[in-house]
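Asks: Questions regarding the structure given below will be posed in turn.
The values are calculated or read from the model by the stated rules, or taken from the named source; none is laboratory data. The structure displayed is predicted, hence computed values, not measured ones. Glycine also receives a Cβ, built like all others from the backbone with ideal geometry; neighbour counts cover every protein chain displayed.
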Amino acid sequence: MKLQKNTFVLFWLLALVGFAIGQGNMVIFDETYTIKGNNFQLDLDIDGGEVKVTKNDANNECDVYIEYHRRKCDCDVHFNERRNRLEIVLDHDWTSGKDKREGDSEHATVSIALPCEPKIALDAKIKAGEIDFELGGLHLQNFELRNWAGDVTVSFDEPNRTTLQSFDVNVKIGELKMYDLGNAHFQKADINGGIGEMTLDFRGETLKNATAYIDLDIGETTVIVPEGIGVKMKVSKFLFLSNVEYPNWFERHGKYYYSENYQEDKDQLYLVISTGIGELNVRVK
């Protein structure tokens, strides 16, 4: 009986030691940068993980929180105070997952809160993972996102406080969901997908003569447009392997689809859509 008790105690001691070793391998980077000036550049180059970008309550502060495993990730954060440029590079060793111990986290967690006062240029390259960009309420001037594989969500729950001059999103494999794009205040948007699903919701504040180029090679595309804006769509299909579903609110003339209020509404949205192999669903809400 005593031997069994000692064995039980030894088991839990070893488990605690293993957990402590795992916790010791975790690195936490937590820093706040004060942005002095009217412009701010953020460059992200991340191999993989959970990445979330939101608005900061502080007007001129950028909060950065990164949690990663020291044996599986290499992280470099550099802030150029003179140029107001923040660079975050996170490399992941994909071959180290075989020796993962209990308590270790295989992928990094990145959380960034952007200042809402300066004009922001955001350039993100993220190879894989779960990506959530909540960009409403910022002075977002330029936004580029490249993702090779994963689930990507981009939303503008509040109106962008300046004109979004460049808006370029490219997701190779996975699911892309974009909400309240009317709040983005973009002039031209390029949205590309390789294989997967896309949901693009153009509701929000009224877009003023905006153009969006949408391309999905293989998969299903859902486009949601508001009733309160005139919409013209040009749709290119891939032979008989593409299917287009649209409501009676649109009238078709060749490759073009016009909303009922297109001629009357001064604020217009022009969509140039290439469906590839798959299905295009257009909804009006």
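Asks: Can you give me the number of residues within segment 124-145 that are more than 15 Å from Gly49 (Cβ to Cβ), within 10 Å of the chain's Cα centre (by Cα) and surrounded by fewer than 20 Cβ atoms within 10 Å (Cβ to Cβ)?
Replies: Selection size over segment 124-145: 2.
Asks: Still on this structure, I have one more. Here are some residues: Ile277, Ile218, Ile224. Which one is of a type in the set (A, V, I, L, M) and touching a Gly at 6+ places or on another chain (Cβ under 7 Å)? First the steps, then the outcome.
Replies: Details: Ile277 fails: touching a Gly at 6+ places or on another chain (Cβ under 7 Å); Ile224 fails: touching a Gly at 6+ places or on another chain (Cβ under 7 Å).
Matching residue, one of Ile277, Ile218, Ile224: Ile218.
Asks: Then there is this: For residues in segment 149-173 being modelled with pLDDT of 95 or more, surrounded by 19 or more Cβ atoms within 10 Å (Cβ to Cβ) and touching a strand residue (DSSP E or B) at 6+ places or on another chain (Cβ under 6 Å), which is farthest from Ile218 (Cα to Cα)?
Replies: Checked segment 149-173; the qualifying residue farthest from Ile218 (Cα to Cα) is Asn160.
Asks: Here's a follow-up. Please go through (1) at pLDDT 95 or above; (2) out of contact with any strand residue (DSSP E or B) (no Cβ under 7 Å at 6 or more places or on another chain) for Lys177 and return the number of the only condition it doesn't satisfy.
Replies: (2)
Asks: Can you name the residue in segment 260-280 that is over 22 Å from the mean Cα position of the chain (by Cα) and in a strand (DSSP E or B) and, of all such residues, is surrounded by the most Cβ atoms within 10 Å (Cβ to Cβ)?
Replies: Here the answer is Leu269.
Asks: Continuing with the same structure: Please determine whether any residue of segment 35-47 is in a strand (DSSP E or B), over 22 Å from Ile131 (Cα atoms) and of a type in the set (Phe, Trp, Tyr).
Replies: Taking segment 35-47 and keeping what is in a strand (DSSP E or B), we get 39-47.
Narrowing the set further to residues that are over 22 Å from Ile131 (Cα atoms) leaves 39.
This time we only want the ones that are of a type in the set (Phe, Trp, Tyr), so: none.
No - not one qualifying residue is present in segment 35-47.
Asks: May I ask you to list the residues in segment 214-252 that are within 19 Å of Leu176 (Cβ to Cβ), in contact with a Ser or Thr (Cβ under 6 Å, 6 or more places away or on another chain) and modelled with pLDDT of 90 or more?
Replies: If the condition is that a residue be within 19 Å of Leu176 (Cβ to Cβ), in contact with a Ser or Thr (Cβ under 6 Å, 6 or more places away or on another chain) and modelled with pLDDT of 90 or more, then Asp215, Thr222 are the ones that fit.
Asks: Here is a list of conditions, (1) modelled with pLDDT of 90 or more; (2) farther than 19 Å from Ile131 by Cα, and Phe11 meets all of them except one; can you say which number that is?
Replies: (1)
Asks: Based on what the data block shows, is Glu227 in a strand (DSSP E or B) and under 25 Å from Phe156 (Cα atoms)? Spell out the reasoning first.
Replies: On the way: in a strand (DSSP E or B): no; under 25 Å from Phe156 (Cα atoms): yes.
Spelling it out, it is not the case that Glu227 is in a strand (DSSP E or B) and under 25 Å from Phe156 (Cα atoms).
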